[in-house]
Amino acid sequence: MEETPHRRRAHTRSSDLARYAGLFAARTGVMRSSAMRDLMAITARPEVISLAGGLPDTSTFPAATFAAQMTRIAQESTAEALQYGPTEGFAETVDCIVEVMGAEGMLPDPDDVIVTTGGQQAIDLICKTLVDPGDVVVCEAPTYPGAVPVFCSYQAETIQVDCDADGMKVDDLEAVLAQLDGEGRRPKFVYSVPSFQNPAGVTMSLERRRRLVELARQRELLVVEDNPYGLLRFGGEPLPPLYQLDGGDFVIYVGTFSKILSPGIRLGWTVAPPPVMEKIVLGKQASDLCTSTLTQHFVREYFSEGCWRDYIASLVEIYRGRRDTMVESLRRHFPPQATWTEPEGGLFIWATLPEYIDTGDLLAKALREDVAFVPGQAAYIDESRGRSSMRLNFSGVGEEEIREGVRRIGKAIAEQVELYGALTGEQDTVPASEAQPGDGDTAADVLPFRREGAG
Ligand SMILES: Cc1ncc(COP(=O)(O)O)c(C=O)c1O
């Protein structure tokens, strides 16, 4: 192939690096890659079964509906749909957002809402608004892997508070806050995904939600509630979002259409008190002027048909079946020492293996078998944590592929277990019924979930 000036370089050469290194901003030194984005490139290969991404199953969206809506936009609103729009987003999009939040019992003032380019941009804008280098941000351990690069790029000092089966341990949070008080430091915010958390699949109990909101109020502490999964509940009773409990004084809310409609449209939002919102709007103007007007039109069309709840109900049915299949496959193919969560909603299961298995190494093996997952390390600021854990997604592929994917990962694990036995002469045969969360396991110190997987 002929060399053209536009051809992409295969590698960054060290001479290239030297040429630019002196120009880089300090923040680039602490920027981290999003593990999921790296994996996306590999998992795009059609032969790979990806249990790695957080992908909703967009194949379930009826193509005919999509075609009809886009045609209507073209016929009725081409000029506006192809034009810039207000930084805050169209009022009609905000109406749809208010409707979605209403389905979980929230009643935001439309003036407190801004439409963003996905929930991801909302997290970025919140950090841009609140975080100076060295500021403290508190989040869960493990936390949403996509938030880690954001906190790092704003040079936050991020403190992680462990989760258990009931979400963030709010007692531990109080201890962290007390310690920070002693140092004369005040965190800029506490970031939480309280419902069907990414990556652990756990949900914060009502008692902890109440306590967290109370703490926020007492201490005038901001809480960022990131809630992409609240409407994707397969079982159990709905719980009030933190935003509803607080009323929006100290809780900044982040939402998205990604998991209930489409991530490709890149539409999310945040709801914040007016003084914070004012700064967020300025930050967004600098970032991208406005969110896609074309996809805002799509959402407007889609909501005008009034069947968005039915579509979510259909997703819930599908994902419930896939969750069940994944749990059943884990029981069948993972070793008895493994533990995992059994979420009542959302898209993810978090599995923890014996401590001598490094899931980063395991991923390399798994990829040779054409299957992918997210290594647990991606969910921690301190990359020495989470090394025996993994995030498994059950929404993006069908039940047959889930069975096969888990079987292949199980096979790779079995080889590691065998190798460990051969090297140490130890038979790793803890019976499932005796394996306790936290059994001498660095990953378990990380996340002492009750064992769900025995049997
Ligand atoms: C907890 C959480 N927050 C934010 C996002 C970002 O989603 P998006 O930018 O597609 O809205 C995700 C995506 O997986 C997520 O799981």
**Prompt:** What order, most packed first, do the peptides 18-27, 224-233, 359-368, 145-154 have when packing is the mean number of other Cβ atoms within 10 Å of each residue?
**Reply:** 224-233, 145-154, 359-368, 18-27
**Request:** Calculate how many DSSP beta bridges within segment 187-278 are antiparallel, expressed in % of all such bridges and rounded to the nearest 5.
**Result:** 35 percent
**Item:** Potential extension, GLU92-SER304 segment - 0.36 nm per residue separation minus Cα distance
**Value:** 75.3 nm
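For a protection proxy built on the mean count of beta-carbon atoms within 10 angstrom, sort 40-52, 340-352 highest first, please.
Final packing ranking: 340-352, 40-52.
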**Request:** Could you give the spread of the C-alpha atoms of segment 172-273 along their three principal axes, from largest to smallest, in whole angstroms?
**Result:** 45, 29, 25
**Complete:** Under 5 Å from the placed amide H of THR116, counting only residues 5+ away or on other chains, we find GLY268, TRP269, THR270
**Message:** Once you place label points 7 Å from the Cα toward the Cβ at ARG332 and GLN218, how far apart are they in nm?
**Reply:** 5.0 nm
**Item:** Gain in span if fully extended, SER77 to LYS365, counting 0.36 nm per residue against the direct Cα distance
**Value:** 98.6 nm
**Asked** Going by average Cβ neighbours within 10 Å, how do the peptides 186-194, 203-211 rank, with the highest at the top?
**Response** 186-194, 203-211
**Fill in**
Taking every C-alpha to C-alpha distance in the chain and binning by 10 Å from 0, the per-bin percentages run 4, 20, 29, 27, 16, 4, 1, 0
**Complete:** Here the percent of antiparallel bridges among DSSP beta bridges lying wholly in the chain, to the nearest 5, is 55 percent
**Fill in**
Note on the chain: contact order normalised by length, alpha-carbon pairs under 8 Å, 6 or more apart, percent, works out to 21 percent
**Asked** What FRET efficiency do you get for ASP172 and ALA25 if R0 is 41 Å and r is their Cβ-Cβ distance, rounded to the nearest 0.05?
**Response** 0.75
**Item:** Unit Cα scatterers, Debye sum, segment 266-418: log10 I(q)/I(0) for q = 0.08, 0.15, 0.16 Å⁻¹
**Value:** -0.36, -0.89, -0.93
**Asked** Where both partners of a DSSP beta bridge lie in segment 139-297, what percent of those bridges are antiparallel, to the nearest 5?
**Response** 35 percent
**Message:** Can you tell me the orientation of helix 63-81 relative to the chain, as the angle in degrees between its alpha-carbon axis and the longest Cα principal axis, to the nearest 10?
**Reply:** 40 degrees
**Message:** Students often get this wrong, so check it: of LYS169/LYS284; LYS259/LYS411; LYS128/LYS365; LYS169/LYS411; LYS188/LYS284; LYS169/LYS259, which have C-alpha atoms separated by over 29 Å?
**Reply:** LYS169/LYS284; LYS259/LYS411; LYS128/LYS365; LYS169/LYS411
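Starting from 0.36 nm per residue, how many nanometres of slack lie between ASP111 and GLU317 once their C-alpha separation is accounted for?
70.7 nm
Readers should treat all values here as calculations from the given coordinates under stated rules, not as data from a laboratory. This is a predicted model, so every value here is computed, not measured. So basically every Cβ, Gly included, is an ideal-geometry build from the backbone, and we count neighbours across all protein chains shown.
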